[in-house]
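Have a look at the structure below, then the notes.
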Ligand SMILES: CC(C)(COP(=O)(O)OP(=O)(O)OC[C@H]1O[C@@H](n2cnc3c(N)ncnc32)[C@H](O)[C@@H]1OP(=O)(O)O)[C@@H](O)C(=O)NCCC(=O)NCCS
């Protein structure tokens, strides 16, 4: 039985283990520091941190933090990063459930646009599409060969195409090592 809920303080160790094992030896430690940092970063608020539990055990984690399209501070935006599912629990729809639940909660909270730098084969199934073509530039330049990995979706109509400019992220995410695909 899968449960998805907002993470609590006592979930920190469990969710970091999931991040570390999902991302592996090289990327894992960087992602662990990113998650720890974002969870304490005032510039990341509003922040949404969800865990997926299977039989009370944390097997998935997703984090959304504040984003802002320069010049459009009144239109709330968010960045999805990172998303991780424990390797033994992958390919069972847990990642999808975390993304879907997160987008639903963000929409309810009035967030207009959500950005992600991620697998272009994975995120379009949730409604994400390449963002660069709409004049929404990532905080750091995304190389041409992987530009499709920088994606956006609007949670209510009328923003994409009208809202344009460089996207600002939380300070913890604002380092080049987090913007390589
Ligand atoms: C990506 C990840 C979160 C997906 O979680 P999951 O619970 O296995 O996802 P779901 O079961 O909802 O969906 C499985 C689908 O994801 C696809 N997928 C998994 N990893 C992928 C990758 N690296 N690139 C593209 N697609 C990927 C699978 O091929 C499968 O596709 P299908 O439905 O067409 O068969 C998980 O594989 C993971 O933690 N990976 C390591 C960390 C990572 O890369 N995070 C994402 C950063 S953008």
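The values are calculated or read from the model by the stated rules, or taken from the named source; none is laboratory data. Computed from a predicted structure; not experimentally measured. Counting neighbours? That spans all protein chains shown, and the Cβs are built from the backbone with ideal geometry, glycine included.
Some observations on this one:
- Qualifying residue in the range 135-143 (condition: buried (at least 17 other Cβ atoms within 10 Å of the Cβ) and either without any contact (Cβ under 8 Å) to a residue 12 or more places away in the chain or within 12 Å of the ligand (Cβ to nearest atom) (or both)): no
- Test result for residue 103, within 15 Å of the ligand (Cβ to nearest atom) and touching a helix residue (DSSP H, G or I) at 6+ places or on another chain (Cβ under 9 Å): yes
- Test: residue 93 is closer than 20 Å to residue 44 by Cβ and either within 15 Å of the ligand (Cβ to nearest atom) or touching a helix residue (DSSP H, G or I) at 6+ places or on another chain (Cβ under 8 Å) (or both): no
- Residue within the range 148-156 that is within 16 Å of residue 70 (Cβ to Cβ) and assigned to a strand (DSSP E or B) present: yes
- Taking the numbered list (1) within 24 Å of residue 19 (Cα to Cα); (2) in contact (Cβ under 8 Å) with a residue 60 or more places away in the chain in turn, residue 95 passes all entries but (2).
- Taking the range 27-134 and the strands (runs of 3 or more DSSP E) fully enclosed by it, no element has 3 or more residues that are exposed (fewer than 15 other Cβ atoms within 10 Å of the Cβ).
- The one condition in (1) without any contact (Cβ under 8 Å) to a residue 40 or more places away in the chain; (2) surrounded by 15 or more Cβ atoms within 10 Å (Cβ to Cβ); (3) within 23 Å of residue 109 (Cα to Cα) that residue 147 fails to fulfil: (3)
- Test: residue in the range 69-76 that is within 15 Å of the ligand (Cβ to nearest atom), modelled with pLDDT of 95 or more and within 19 Å of residue 6 (Cβ to Cβ): no
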